[in-house]
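A.B. asks: Here it is, the structure, as structure tokens.
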Amino acid sequence: MKPFEYAALADVEDRHWWFRLLREEIIAAIDAHFGDRRNLRMLDAGCGTGGLIAHLLKHGPVERAVGIDYNPLALHYAQHKCTAHLVRADATQLPFADGVFDLITSIDVLYAREAYVNFDRALGEVRRCLRPGGLFILQLPAYQWMRSQHDTNVHTAHRFVLAEVHARLLEAGFAAPSVFYRYSLLLPLALVARHLRKGQADRSEVQALPGWSDTIFYRVARVEQYLGRWRLPFGLSVFAVVAKAREP
């Protein structure tokens, strides 16, 4: 990402509809898996400017929270936003012992060219660092044909489809992953918006929206959360939730 992208992200991520809905989805997955249990050991692998891990710290008591990112500018913003232990590290080479985390998140990280070349190794590192019964939450951008100038700005190497993510999680040793598309109802609007933004090479897609439009996007996308198991077979993001199998 370019410096202005990090500045924009740090500024808007706590109020932007996209990130608010994402955090709700992640909290729902954590609550469903761990129940009332708290004091988790968690890692955000690719923490960016720290908004997600700061939100998770507010959700309940945490025994240990760690955020890693390879970009020092991202960590600069993150240190002002959260109290997690922040480490400059590569998501494909996690500098942690085996089985030390209950929860690992990787949100819109492994599509970037620096990480995608070692995508399967990154999944293996996540599995290694999770304890048996631990939870992995992954989000990636969908569809190669959805590439835009934003992908150029953030160095996107690859956009995914659901079946591909499901297969690669299985190949990495995870069993029975739950994989689905998110932001399905907003896909047509996103196509129109990206067409209108053609030629705006230096304009970030991560920016504050007028209050009324942010509310509309939020409420439309929120409908999907009410649909629950009736997920639509398309969307802007691929989202995966998978637990590491417990030892016999």
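What follows is calculated from the coordinates using simple rules that are stated; it is not laboratory data. All values derive from a computational prediction rather than experimental measurement. Every residue, glycine as well, gets a Cβ built from its backbone with ideal geometry; the counts of neighbours run over all protein chains shown.
A.B. asks: Quick one, could you list the DSSP H helices from the chain stretching 15 Å or more along their long axis (Cα atoms) with average Kyte-Doolittle hydropathy of -0.5 or above?
C.D. replies: The answer, listed by residue number, is 17-34, 211-227.
A.B. asks: Still on this model: How do the peptides 46-57, 25-36, 138-149 rank, highest first, by the average count of neighbouring beta carbon atoms within 10 Å per residue?
C.D. replies: Final packing ranking: 46-57, 138-149, 25-36.
A.B. asks: Here's something else I'd like to know. Need the full-extension length gain, TYR226 to HIS59, defined as separation in residues times 0.36 nm minus the C-alpha distance. One decimal, nm.
C.D. replies: Gain on stretching TYR226 to HIS59: 58.0 nm.
A.B. asks: Given axes a ≥ b ≥ c from the Cα gyration tensor, I'd like to know whether the chain is rounded (a/c under 1.5), prolate (a/b larger than b/c) or oblate.
C.D. replies: Rounded.
A.B. asks: Right, something else. Just grab the label-to-label distance for PHE234 and ALA97, each label 7 Å out from Cα along the Cβ direction, in nm (one decimal).
C.D. replies: So the two model labels end up 4.9 nm from each other.
A.B. asks: Shifting gears a bit: Given the options LEU232, LEU40, LEU169, which has the most mean-square fluctuation in a GNM of the chain, springs set between C-alpha atoms less than 10 angstrom apart?
C.D. replies: Highest fluctuation among the options: LEU232.
A.B. asks: To continue, here is another question. For the chain, what is the mean residue ellipticity at 222 nm derived from helices alone (per DSSP H run of n ≥ 4: -39500 (n - 2.57); sum divided by total residues; nearest 500 deg cm²/dmol)?
C.D. replies: -12000 deg cm²/dmol
A.B. asks: Let me ask something additional. Using R₀ = 30 Å, calculate the FRET efficiency as 1/(1 + (r/R₀)^6) where r is the Cβ-Cβ separation of GLN144 and TRP212; round to 0.05.
C.D. replies: So the FRET efficiency works out to roughly 0.35.
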